[in-house]
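This report concerns only the one structure given below.
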Amino acid sequence: MIRFIDTVILAHTKLRTHKVRTGLTLGVAGILFGLILGVIFVAQGVFDSVERFSEEGLADRAIVAVSKWSDAYYNQYEHAEDEDFIAEVKATHEALVVKKTAAAKKYNVSYDAKSEDPSPIIIDRETKKERISDDFMESSIVMQVVEKRSQAAHKPLDIKAFLAPYPSAKVLPGNAAVNTADGSIYFMREGREEAMRPESERKKSNGGEYGQFETSIQVLNDTITRPFVTIDTFDYDKGEIPGVVSYSHAEELLGLKKLSKASTNQEKLDRLAEVRRRLPEVTASFCYRNSTSQALLSTAMAQQQEIERNKNNKDYVMPSIIYTIPDDTSCGAVTIEKDTRTSAEKHQADALVSYQKEIGEYPGEPEQQKVIMRAIGLSGDAPTDQIAGSAGAMVMGLLGSWLSYGNNWTIPNGMLARVPESLRPTTLFPDPNDEKGRNEALGKMIQIESYLVEFSDKQEARTVLQRGGAFGGVIEDNALSVSPFGSGTLMVNEVKHWFEIGLMWALAIVGGVAFIILAGLIGRMVSDGRRESAVFRAIGARRADIGRIYGMYTLLLAVRVVIFAAVLGLVLSFAVDVWLSSDATVGARLAYAAVDTSKEFHFISLASWYVPVILGAIVVVSLLASIIPILLGARRNPITDMRNDT
C-alpha cells in the first residue's frame, strides 16, 4: 500500500514531468473558466452597485404602468354607405337645423341653413342611393355621430379583473396628468408666453407655436414622489405649486450652460452638487388659457399688427373694439381699451351670445391663469450628451430612478391637496384626493386609462410585463400598454434572470470542453505510465493505489486550474472596474440624482454564490474526466504492459 504522502509526491512529480502538456491544458481550461469568473465578478459588481443606489428614488420598488388606449374608433370612411349611419347623421343634422332655426328666430339672428349647415347626405350618381359626402366626412355633424358610436363601442379596462391573478399587486391612487378639457397649459420659456414672442424668437419644437408639449406637469402618489423630495418646508399660501423637477431641466432653469463632452467626471459631479445646492431657486412658469382666451389673444395680436401697419394710412378705419394685449410675462387677460360700438351693435353681439348658448356652441368666457412651479425635489434623468455612449449612459438608461423624462414637473398629490383651491382650479388640476388611481385623458376621439401598480412579488410584475409584450412576452391586446415605471429595478431583475440562464449554458459548454480536454490529458498520462504502473503493481501496489495516484494528479491539476481561473477572473474584472467605474459612478449619481455623493458604482464583487459553484465545477469536471481513464488503466494486466513495453 502506498502512503498518502507518497501519493502526493508521485502525483506532483507527474505534473512536473510533462510541463508543456500540463501547461497547455491548464491554460485552455483556466482561460475558459477564468472568463466565466470574470463575467460573474463584473455582473455581481453591477448588481451590488445597483443595490447600493437602490436606496435612492424608486430603485427598490417594482412599479408598472398599465394603460389602455381606446380601440373602438368608428371609421366614418368605411361606413359612408351604411344605412344606419346615414340615418343617424341625417337625424342629427335635421335636429340641429330645427334647433338653430328656432333659436335664430327667438334672438333675431340671421341664419341660413343651406349655406351654414348644408346636409352632409348626397345621392350617389352610380348607385342612386344616399351616402355621406366625402367633403363632409370631417364635418361637426358627422364627427358628432362618430364620437357617439366610438364612445359606445369602447370597453374600459377593468383593472381589478386584470390584476386578479396577482395577489401582490396594489393600485397606487392619486395619479393624473395636468391637462384640460378646453384649452392648454403652456410652459413659459424664460417666463414669457411663447405665442407673444416675435416670430424670430419663437422656439421651434414639437410643441408647435406655444411649445405645449416640451414641458408638462403631472400629479403622482405621495409614496412615489417622497424619495425625491429633499426640501421639507414649503409656503402653500405664497401662490406657488410644489414639484419635483428632472436634473437636466433644473440645470436649464438655473441658467447653467451645458457641460461639454470633454468635461471631466469631477466637473460633472460638481455640477450635480451645484444643482442640488441651488435647488430652492428653481422655478418654472406655466400659462393656462382656454380656447376662448387663446382665440382672443390671437385676435388682439393680429389687430395690433394691423393697426401698426396702417398707422400712416389716413383712410384706415380703426376697429370698433380695440384690445389691450397683456404683458407677455403675466399670462393675463386681454382687456378692451376702447369700445366705439353703437347700442345696436352691442345689442346684436349680446343676441349672438344668447343664440350660441341656446344652440350649445358658445365657446365660453375667456379663462387664464398663471401657474408657478417651485422645486422641492430632484429626479433622475435620461442619458445626457455629455456622457452619451459611455458606461455612465448605460447606467442612466437602464438602472436609473426617475419620475419622468425630459422637462417635466411632478407634483406630490398630498402636497397639492394643501395648496389653496384658488391656486389649483378644478378646470386645470385633478382632484388630489382621487382614490381611483386612474389617469384618464378623454378627448373627442381618444380615451386613455392609466394605472400605476406596485408589486411586492417581482415575478408577478414580470408576468404582467410579458402580457404587454415586454421582456419577450406576447402582446395579448394591442390597445394595452404595460411598461416599468420609475426605476430600472425590473429591468435589472430581468437581466439577472437571463444572466443566470446564460451562465448555466456557458458553464455547460465550457464544462463539456474542459471535460474533453482533461479526459484526453489524463488518458494520455495513464497510457504513458503503463510501465510505471506495472512496476508499482509488481512490488505490491494495489489497483486502488494506482487510482489514488492519478486521482491526486487530477486534483492537483484542478487546483492549479482553479487558481489560474480565479486570478484571471480577478484581473479581468479589476481592469473593467478601473476602466469604467469612474464614468459609471457619474452616470449613476446623475441617473438617481443621488443625495449621497459618496456612493460609487463598481464593476467588481466577489460576493456571488456562483463563484464557489464555478470553482467547485472545475474540480468536479476534472474528477469526472479522470474516472474513465483511471478505471481503464487500473483494469489492465501489469504483466502484459511490461511485456509490450520491452
Check your understanding: Take the residues of segment 153-188 that are without any contact (Cβ under 8 Å) to a residue 24 or more places away in the chain and in a helix (DSSP H, G or I): which is farthest from residue 285 (Cα to Cα)?
Key -> 161
Check your understanding: Any chance segment 333-344 includes a residue that's in a helix (DSSP H, G or I) and out of contact with any His (no Cβ under 6 Å at 6 or more places or on another chain)?
Key -> yes
Exercise for review: Just give me the residues in segment 588-646 being assigned to a helix (DSSP H, G or I), among the charged types (D, E, K, R) and at pLDDT below 70, in sequence order.
Suggested key: 641, 643, 645
Study note, to complete from the structure: Given (1) assigned by TED's automatic domain parsing to the domain that holds residue 335; (2) in contact (Cβ under 8 Å) with a residue 40 or more places away in the chain; (3) over 20 Å from residue 329 (Cα atoms), residue 297 misses just (3)
Point to revise | segment 439-469 - residue that is closer than 25 Å to residue 183 by Cα and among the polar types (S, T, N, Q) and, of those, modelled with the highest pLDDT | key: 450
**Study point:** Flag if residue 253 is within 18 Å of residue 192 (Cα to Cα), at pLDDT 90 or above and outside the structural domain of residue 332 (by TED's automatic domain parsing)
**Key:** yes
Point to revise | Selection status of residue 327, within 30 Å of residue 234 (Cα to Cα), surrounded by fewer than 16 Cβ atoms within 10 Å (Cβ to Cβ) and either under 45 Å from the mean Cα position of the chain (by Cα) or free of Cβ contacts under 8 Å to residues at least 12 places away in the same chain (or both) | key: yes
Exercise for review: Could you please let me know if residue 178 is buried (at least 17 other Cβ atoms within 10 Å of the Cβ), modelled with pLDDT of 90 or more and within 27 Å of residue 222 (Cβ to Cβ)?
Suggested key: no
**Study point:** Lone qualifier among 49, 67 - being in a strand (DSSP E or B), of a type in the set (Ser, Thr, Tyr) and touching a residue at least 60 places away in the same chain (Cβ under 8 Å)
**Key:** 67
Point to revise | Matching residues, segment 105-122, being closer than 30 Å to residue 82 by Cα, assigned to a loop (DSSP other than H, G, I, E, B) and either among the polar types (S, T, N, Q) or touching a helix residue (DSSP H, G or I) at 6+ places or on another chain (Cβ under 7 Å) (or both) | key: 117, 119, 120
Exercise for review: Scan segment 262-319 for residues that are surrounded by 11 or more Cβ atoms within 10 Å (Cβ to Cβ) and among the β-branched types (Val, Ile, Thr) and jot them down.
Suggested key: 264, 275, 282, 283, 292, 299, 307
Exercise for review: Give me a count of the residues in segment 569-585 that are surrounded by 19 or more Cβ atoms within 10 Å (Cβ to Cβ) and under 9 Å from residue 34 (Cα atoms).
Suggested key: 1
Check your understanding: Among the residues of segment 66-92 satisfying the criterion of being closer than 29 Å to residue 353 by Cα and more than 46 Å from the chain's Cα centre (by Cα), which is surrounded by the most Cβ atoms within 10 Å (Cβ to Cβ)?
Key -> 90
Revision key, fill the gap. Pairs returned, first residue in segment 498-510 that is assigned by TED's automatic domain parsing to the domain that holds residue 36, second residue that is assigned to a helix (DSSP H, G or I) and among the hydroxyl-bearing types (Ser, Thr, Tyr), beta-carbon separation under 7 angstrom, 6 or more apart or interchain, are 503/610
Review point. Given the residues 43, 62, which is the only one that is closer than 30 Å to residue 589 by Cβ, surrounded by 13 or more Cβ atoms within 10 Å (Cβ to Cβ) and touching a Lys or Arg at 6+ places or on another chain (Cβ under 8 Å)?
Key: 62
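The values are calculated or read from the model by the stated rules, or taken from the named source; none is laboratory data. Remember, predicted model here, so these are calculated numbers, not experimental data. A quick note on method: Cβ atoms are made from the backbone with ideal geometry, for glycine too, and the neighbour counts reach across all protein chains shown.
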